[in-house]
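First up is the structure itself, then whatever we jot down about it.
Coordinate-derived values only; no laboratory data. All figures in this text were calculated on a predicted structure; none of them were measured in a lab. Cβ sites come from the backbone with ideal geometry, for glycine too, and all protein chains shown count toward neighbours.
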Amino acid sequence: MLLHNSVDTDPRNKDLKSIYIYEAPVRLWHWVMFIAIAVLIVTGLLIAYPPPSTNGEASAHFMFGYIRFAHFTAGYTLAVSWLLRIYWAFVGNDYSRQLFLVPIFNRIWWQEFLYDVKSYLFLHVREIKYSGHNPMAQAAMAFMFTPAAFFMMITGFAMYSEGAGKGSWSDKVFGWVIPLFGQSQDVHTWHHLCMWVIVMFVIVHTYMVMRQDVTTRESIVSTMVSGYRTFKD
Amino acid sequence: METFYDVLRRQGITRRSFLKFCSLTATSLGLGSYFAPRIAHALETKPRTPVIWLHGLECTCCSESFIRSAHPLAKDVVLSMLSLDYDDTLMASAGLQAQACLDETIAKYKGNYILAVEGNPPLNEDGMYCITGGKPFVEELKRVAKDAKAVIAWGACASWGCVQAAKPNPTHAVPIDKVIFDKPIIKVPGCPPIAEVMTAVVTYMLTFDRLPELDRQGRPKMFYGQRIHDKCYRRPHFDAGQFVESWDDEGARKGYCLYKMGCKGPTTYNACSTTRWNDGVSFPIGSGHGCIGCSEDGFWDKGSFYDRVTGIKQFGIEANADKIGGTLAAVTAAGVAVHAGITALTRAKLNHGKGFGKDGSGE
C-alpha cells in the first residue's frame, strides 16, 4: 500500500524523469467511465425530462425505449468496468489501489493533504511532486466519486429490477433497496440527486487536472492516456 | 358445521353462479383453471372461517370498495363468507350488542379467526384520538389480534399509515405492523384497495388455509408483483416517446402516456391496470389522469401528484433534486471559475516578478 504519494520523499527519485503509474486496465477503465458517465447523465436527464412527443402511431416509434436502452446499457457497462477495476485493485500496482485504500492513519499523508489544501488556497506554491494522485485528489475520488458511483449502481439496478420483474437477478441482488428507501419514487429521487454529486465531481476533476497540467511541471492529462507521469525538471 | 357453499345456497345463489365465482377467483389469483374445482371443493366442504373486521382511524373507503366488488356474486359471497361476525360499520347490531358479538367470536373461535383491519391506531395521548367501544382503538386491536390466526391490513392506512400518518402526523398514527408483532400480517394497500383484490385475498386464505405468497413488503405477489406501468395500456406510447404535455392537449385527446404529467404508474405496485375498477369499466389512467401512487408507502409525502421529478421536503417546499443538485453544481462551477481566475492572477504576478523562468510553477 502506498503510504504517501510524494516522489520527493524518496532520495532515489532525485533525477526521476518519468514513472509508469496507470496500467492499461486502469486507463481503459477511466475512459470507459468518461463515456459511460457522459451517456448516463444525458440519457438520465432525458428520462426525467423526456423530449417533445413523437407524432403518428406508437408502433412506428421507439424513441423513449432507445433512450432508456442507452441508459441501461451504459449502466451495465459502468458496473462491469467497476467490477474489473476492483479486480485490478488486487492484482495491479500500488497506484491501482489509491481509489479504495486511503492511508488516513498515516501522518505523512495528512501532512501532504494539509500542504495540498494550503497550496489550493494560494497560501504557498506547491513544490512537492506526486507520482499518483495527490492526497486531496485521492480523498475526493475515494470519498466522493467512488461512493457516488456505487450509490448510483445500487439504486440504478434496484430500479432496473422493477422492469426486469420479480425473480430477475437484479431483483434478487438489489430488490431490497426499494423498501429501504420507502418506495420506488424515493429511489428515483435519490438516484437523480446523486447524479448532481457526480456532475460536481466532474466539474472539479476536469478543472483540477487541467490546472495541474498548466501550472506544474508534471504531466497529468496525458498520463491517463500513456500511463506515464513525466516530470519536466 | 355450515360451509361457505351452504351459506351461498341459503342466500339463493345458484350453483352455476357459484362455479363462475370460483373460476374468476382462480384466474385472478393466477392459479389457472385447474384450481377452480379445488376452490369450489374447499368452499363446499370447509367450515366457514369467521372474520372480525375492525375499523380504526379511517375513511371507510376500503369497506366502500369492498361492498362494490365487481363480480355480481362477490359481495354476497364474501360478505357471507366473512359473515362479518363483527364489523361495526356493516353489522346490524350496535353498542353493547355489537361488543358482545365481538367477545363471543373471540371466545368461540380462539386462534382460528382472521382479523381484518381497516384504518390504523393513533398512539399519541395513549391512543385517545381513536376510541371504539369506549376504549382506545390500539388496545382493542391488540386484544383482538392476540387470538387471531392471521391479520389482513386493508388499505394504505393499515399497511403504511396513509393520510392520517402524513407529516406532521399529529395523532402519531402508525400502520398496524407497528403494534402487532406476533401474527402473520398480509398487506393489501391502496386507497382504497381494488375490491376484486380484497375478495380474492380473502378467498385464497379461506380456501388454502394459508397466506398467499408475499413480497418483501408483505403484499400478495399476485396483485402487487408488478407496477401499474408494466401492464398499462398506454405503455406503447411511453416507449414511443408520446406524452401528454398538458391537460387537454392533442396528446391527451389521443390517449398518450401521462408520464410527463406526473403519473406514478412507473413507481406504483398494484393491479389497477389489469383488474381495473367498477366491473372493469376503467381506472385513473384510463380516464385520462395519472396514477397518484395510492398503494405506495407514504404517498401523501412524496411531493406533487403532478410532478415527474418530485419535491424533497427536507430542502423546502419548492425544492426537487434538480433545484438542489443544480444549485450545488452551479456553486461548484462558480468556485472553479473564481479559483481559475486567482490561479491565473497569481501566476501572472509570479512570472512578472521573476521573468519567465524555466519553472512554470514560479520557482
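Principal axis extents of the C-alpha atoms in the stretch A:11-230 (largest first, rounded to whole Å): 70, 36, 33.
Spherically averaged projected area of the convex hull of Cα atoms, the stretch A:15-76: 6.4 nm². Taking chain A as the region of interest, the number of lysine pairs whose Cα atoms are within less than 17 Å, with members eight or more places apart or on different chains, is 6.
Here the 3J(HN,Hα) profile of the stretch A:199-209, calculated from phi with Karplus coefficients 6.51, -1.76 and 1.60 at θ = phi - 60°, is 4, 4, 4, 4, 4, 5, 4, 4, 4, 5, 5 Hz, Gly and Pro shown as x.
Neighbour counts of C-beta atoms inside 10 Å place A:Trp169, B:Trp300 in the sequence A:Trp169, B:Trp300, starting with the fewest. Here the protein assembly as shown was treated as a single set of alpha-carbon atoms; its pair distances binned every 20 Å from 0 give 17, 39, 27, 14, 4, 0 percent.
With a 10 Å cut-off around each Cβ of B:320-332, the average count of Cβ atoms from other chains is 5.
Which value results when the Cα radius of gyration for the stretch B:228-310 is divided by 2.2 N^0.38 Å?
1.02
Can you tell me which lysines have their Cα less than 20 Å from the Cα of B:Lys260? Leave out same-chain residues fewer than eight positions away. Qualifying lysines at Cα under 20 Å: B:Lys231, B:Lys302, B:Lys323.
To the nearest Å, what is the center-to-center distance of the stretch B:19-61 and the stretch B:124-153, using C-alpha atoms only? Between the Cα centre of the stretch B:19-61 and that of the stretch B:124-153, the gap is 26 Å.
Structural descriptor for chain B: relative contact order 13 percent, calculated from alpha carbon pairs under 8 angstrom and at least 6 residues apart. Here the ratio of the Cα radius of gyration of chain B to 2.2 N^0.38 Å is 1.35.
For chain B, a Gaussian network of Cα nodes joined below 10 Å ranks B:Ala344, B:Ala173, B:Ala165 by mean-square fluctuation, and the top entry is B:Ala344.
Cβ crowding within 10 Å, taken as a proxy for footprinting-reagent exposure, orders A:Phe201, B:Phe315 from fewest neighbours to most as B:Phe315, A:Phe201.
Provide Rg over Rh for the stretch A:144-217; use the alpha carbon set for both Rg and the Kirkwood Rh (inverse mean inverse pair distance).
1.20
Straight-line cross-link reach from B:Lys46 at under 27 Å between alpha-carbon atoms covers these lysines, not counting any fewer than eight positions away in the same chain: B:Lys20, B:Lys75, B:Lys108, B:Lys110, B:Lys146, B:Lys149, B:Lys183, B:Lys187, B:Lys221. Each of B:Tyr256, B:Tyr5 was scored by other Cβ atoms within 10 Å of its Cβ. Listed from fewest to most, they are B:Tyr5, B:Tyr256. Residue by residue along B:289-298, Cβ atoms of other protein chains within 10 Å of the local Cβ number 2 on average.
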